[in-house]
1. Which residue is farthest from the chain's Cα centre (by Cα), if the candidates are limited to the range B:61-91 and must be near DNA strand D (Cβ under 8 Å from one of its atoms) and among the small types (Gly, Ala, Ser)?
2. Restricting to the range A:77-101, name every residue that is crowded, with 18+ Cβ neighbours inside 10 Å, within 13 Å of chain B (Cβ to nearest Cβ) and of a type outside the set (D, E, K, R).
3. Considering only residues that are away from DNA strand D (no atom under 11 Å from the Cβ), away from chain B (no Cβ under 14 Å) and in a helix (DSSP H, G or I), which ones fall in the range A:39-60?
4. Name the single residue that is nearest to B:Gly49 (Cα to Cα) among those in the range B:62-83 being touching a residue at least 24 places away in the same chain (Cβ under 8 Å) and within 10 Å of DNA strand C (Cβ to nearest atom).
5. Can we say B:Arg36 is at pLDDT 95 or above, within 14 Å of chain A (Cβ to nearest Cβ), more than 13 Å from DNA strand C (Cβ to nearest atom) and closer than 28 Å to A:Ile65 by Cα?
6. Identify the residue in the range A:61-106 that is of a type in the set (Asp, Glu) and not in a strand (DSSP E or B) and, among all such residues, is nearest to A:Ala39 (Cα to Cα).
7. Checking B:Gly74 against (1) in contact with a strand residue (DSSP E or B) (Cβ under 6 Å, 6 or more places away or on another chain); (2) within 8 Å of another protein chain (Cβ to nearest Cβ); (3) of a type in the set (Gly, Ala, Ser), which single condition isn't satisfied?
Number of protein chains: 2
Amino acid sequence: MTTPHLSPLAHPERDEITVEGVLRALADPVRLAIVRQLASAGTEVSCGGLDVPVTKSTLTHHLGILRQAGVTSGRQEGTTRFNSLRRNDLDELFPGLLDGVLAARR
Amino acid sequence: MTTPHLSPLAHPERDEITVEGVLRALADPVRLAIVRQLASAGTEVSCGGLDVPVTKSTLTHHLGILRQAGVTSGRQEGTTRFNSLRRNDLDELFPGLLDGVLAARR
DNA sequence: CGTCAATTTCGAGGAACGTCGTACTATGGA
DNA sequence: TCCATAGTACGACGTTCCTCGAAATTGACG
C-alpha cells in the first residue's frame, strides 16, 4: 500500500482539447474570474493569489475543471501550486476565442 | 393591440448580452450544433430545418436559451419561425469569440 | 520530531440543467 | 369548416453541477 496516487496534474494534450470542454469550463463566473486574473497577471499565480468568493476546496474543484479542459496548466513547487493560462494552445486551436472572452466588458 | 398575450421573441439588446450567458449557451453539444448549422447556412433556418438528435420540445428549449443569451434571433412568419445568428452583435461585443468557436476542429 | 501553511480528497446537500411526452395554440389549405 | 402542420407550454424525471466542511496530504522550517 504505497499510496498509488494518481497524478493530480493530468493535463490534456493539445490535440485532446475540445471546444465544448473549453466552453463548459469558461461558462462559470468563478472560473471566468480565475481566467481573467491569470490573463491579466500574465504569469503563474498560486491558488492563494487568486481572489474568488469561494472556499479553498471549491477553488481546487474549479482549478481542476479548468486544467482538465486544457484551459490552464499547473506546476507544483513545494506546497504551492502555480497555475497559468495555456494561451498558446488555445490560440492555436481556437484563434480569437480567448481574446474575445477577455475583451468582454460584460 | 399589438401583442395580446404572447411574449414570443424577447431578444436582449446588444448591451444586455453577457459573455457568461453566451458561453453558457454555447456550452452544450446540441446548441453548438445549432450554431454551427446556422453559421454554415449563412441565412435564416426554420426549426424543422435544423438537424439535431432531440425532440421538438427540446429543440424549442435550446432555441429559447440561445435567443435569451443573445446568440440567435428569431422571426415569425406564419407557423414557422426562422432563426439566425446574431453575428454582428457577437463580433462587436466579443471579437473573435464566434470565429474561434467555429474554427474548432474538435 | 512537531508544527504550521498550502492545497487536495471525500462526502453530502441543494440547485440547475437536459430530456421527454402530452397537451395546447396558431396558421394555412382542402 | 375541418384537418394537418409548425412550433410552444407545462410538468416530471434523472443527471450533472456548485458549494461547503471536515479530514487528509504534502512540504518547509525550527
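1. Of everything passing the filter in the range B:61-91, B:Gly78 is farthest from the chain's Cα centre (by Cα).
2. A:Leu90, A:Leu93, A:Phe94, A:Gly96, A:Leu97, A:Leu98, A:Gly100, A:Val101
3. Result: A:Ser40, A:Ala41, A:Cys47, A:Gly48, A:Gly49.
4. So the first thing to find is which residues in the range B:62-83 are touching a residue at least 24 places away in the same chain (Cβ under 8 Å), and the list is B:62-63, B:65-76, B:80-83.
Remaining after also requiring within 10 Å of DNA strand C (Cβ to nearest atom): B:62, B:65, B:76, B:80.
Working: B:His62: 15, B:Ile65: 18, B:Gln76: 15, B:Thr80: 10 Å.
It comes out as B:Thr80.
5. On the way: at pLDDT 95 or above: yes; within 14 Å of chain A (Cβ to nearest Cβ): yes; more than 13 Å from DNA strand C (Cβ to nearest atom): yes; closer than 28 Å to A:Ile65 by Cα: yes.
Judged against the criteria, B:Arg36 is a match.
6. The residue in question is A:Asp99.
7. Only one criterion in (1) in contact with a strand residue (DSSP E or B) (Cβ under 6 Å, 6 or more places away or on another chain); (2) within 8 Å of another protein chain (Cβ to nearest Cβ); (3) of a type in the set (Gly, Ala, Ser) is unmet by B:Gly74, namely (2).
The values are calculated or read from the model by the stated rules, or taken from the named source; none is laboratory data. Computed from a prediction, not measured in an experiment: that's the story for all the values here. A quick note on method: Cβ atoms are made from the backbone with ideal geometry, for glycine too, and the neighbour counts reach across all protein chains shown.
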